[in-house]
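To keep things clear, I will list the structure first and then write my remarks on it.
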Amino acid sequence: MPEALSPALRDAVELLSNVPLLLVAMDFDGTLSPLCDVPADARALPAAAEAFAQLAALENTVTALLSGRDLASLRAVAHPPESTLLVGSHGAERWAPERFGAGIGELRLGTDQERAMSLARARMTEVSALYPGTSLEDKPSGVVLHVRRAEPATGAAALRAARARLDDLSGVSLLDGKDVLEASVVSADKGSALSWLREVVDADAVVFAGDDVTDEHAFAVLSGADVGVKVGHGPSRARFRIEGTGHVPALLQAVLDMRSL
Ligand SMILES: [Mg+2]
């Protein structure tokens, strides 16, 4: 069996022992948790959750979750340690413990956003009704079409149809993910969210791992001693890669070992 972490990734993780304040930010679905047909059933792999909780308890290491889920759903499936900063809806929702003084990023939509939201929801509903096996998820910042449970050809057609129906809506941005298309009325991406986390925490370096195309925005804002890890296959601008969710515990454990020296 191949090593979970490449020698180059091990070297990069070793350098993290000298970083005064480290931010460990993780995507949730497909990273801490295996991908799951029923989003509410997703849970972090026990070994990943354990290492993450131990990192959260360290003095000079701060943890964060950076997810496309809305905050309520992220909290429900992830049960994050109390000190963990949370970013939901790809950055549209942000929460930090009081000691960071960043306040709670509660999402309030303006009238135009509300209007764009109901148009987007109506069009997504029309599309979903035409393609069996697809479903909709309502989020505070938008609406998501899920096609994971549809036949592959049906799912692909549904995504194309949704894109065509929603492309011209003003105030709505479309975000592609794995077997999903999200229409959002709040412009946010994981890159600006990760930069916000780094600033709030005042981190000297960042570890970030993610599996989806939406995580590429986050990899793009990493530099220097930061460690970006793509989970699984597909093109990525991350410096490192691990084979899948099953290797995330080894990554977190390696970071934990370095930070516990
Ligand atoms: Mg993911």
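The values are calculated or read from the model by the stated rules, or taken from the named source; none is laboratory data. Bear in mind the structure is a predicted one, so any value in this text is a computation, not a measurement. Cβ coordinates were reconstructed from backbone atoms using ideal geometry, including for glycine residues, and neighbour counts include every protein chain displayed. The protein model used for the area step is the full one, side chains on, heavy atoms only, and it has no ligands, DNA or RNA in it. Shrake-Rupley method; radii C 1.70, N 1.55, O 1.52, S 1.80 Å.
Compared with the dominant principal axis of the Cα atoms in the chain, helix 46-57 is inclined by about 60°. Select from A162, A96, A150 the residue whose mean-square fluctuation is largest in a Gaussian network model of the chain (Cα-Cα springs shorter than 10 Å). Most flexible of the set in this elastic network: A150. If you filter region 93-188 for GluC sites (Glu not before Pro), then keep DSSP loop positions with at most 15 other Cβ within 10 Å, what is left? For GluC sites (Glu not before Pro) across region 93-188 that sit outside H, G, I, E and B with at most 15 neighbouring Cβ atoms in 10 Å, the list reads E106.
Out of all Cα-Cα pairs in region 1-95, roughly what percent, to the nearest whole number, are more than 18 Å apart? Value for region 1-95: 50 percent of Cα pairs lie more than 18 Å apart. The 3J(HN,Hα) values that the Karplus relation (6.51, -1.76, 1.60; θ = phi - 60°) gives for region 114-128 are, in residue order, 4, 5, 4, 4, 6, 5, 4, 5, 4, 5, 4, 5, 4, 5, 4 Hz. Gly and Pro appear as x. Cα gyration tensor of region 156-237, axes a ≥ b ≥ c as square roots of the eigenvalues: rounded (a/c below 1.5), prolate (a/b > b/c) or oblate? Oblate is the answer for region 156-237, as a/c is 1.5 or above yet b/c matches or exceeds a/b. Surface composition of region 56-128: carbon and sulfur make up 48 percent of the accessible area, probe 1.4 Å.
Residue-wise HN-Hα couplings along region 180-187, as the Karplus relation 6.51 cos²θ - 1.76 cosθ + 1.60 with θ = phi - 60° gives them from phi, are 9, 10, 10, 9, 10, 9, 10, 7 Hz; Gly and Pro carry x. Evaluated with a Cβ-only charge set (Lys, Arg +1; Asp, Glu -1), region 111-184 carries a dipole of roughly 140 debye about its Cα centre, given to the nearest 20.
Look at the dipole of the chain built from charges on Cβ: of V231, A203, N18, the Cα furthest out on the positive end belongs to V231.
For the options G171, G244, G110, a Gaussian network treatment of the chain with springs between C-alpha atoms closer than 10 Å singles out G110 as fluctuating the most.
Stokes-Einstein diffusion for region 111-184 at 37 °C, viscosity 0.692 mPa s, with a Kirkwood radius from C-alpha pairs, works out to 276 µm²/s. Since only T154, P46, A56 are under comparison, the one whose Cα sits farthest along the positive direction of the charge dipole of region 39-189, derived from C-beta charges on Lys, Arg, Asp and Glu, is T154. By definition, a body whose alpha carbon gyration tensor gives a ≥ b ≥ c is oblate when a/c is 1.5 or more and a/b is not larger than b/c, and region 203-261 fits this oblate description. In region 109-261, a dipole from Cβ-located charges (positive for Lys and Arg, negative for Asp and Glu) runs towards its positive end, and of Q253, L222, V144 it is V144 whose Cα lies farthest in that direction. Compactness check for the chain: Cα Rg over 2.2 N^0.38 Å is 1.01.
Taking amide H positions as modeled 1.01 Å from N, with prolines and chain starts lacking one, the residues under 5 Å from E93 and 5 or more places away or on another chain are G88. Only Lys, Arg, Asp and Glu carry charge here, each on its Cβ (+1 for the first two, -1 for the last two); on that basis the chain has a dipole of about 360 debye about its Cα centre. Annotation: aspartates and glutamates with alpha-carbon distance below 15 angstrom to K230 (same-chain offsets under eight excluded): D27, D29, D211, D212, D215, E216, E243. Phi angles of region 73-85 translate, via the Karplus equation with coefficients 6.51, -1.76, 1.60 and θ = phi - 60°, into HN-Hα couplings of 6, 4, 4, 5, 8, 8, 6, x, x, 4, 7, 7, 6 Hz per residue; Gly and Pro are given as x.
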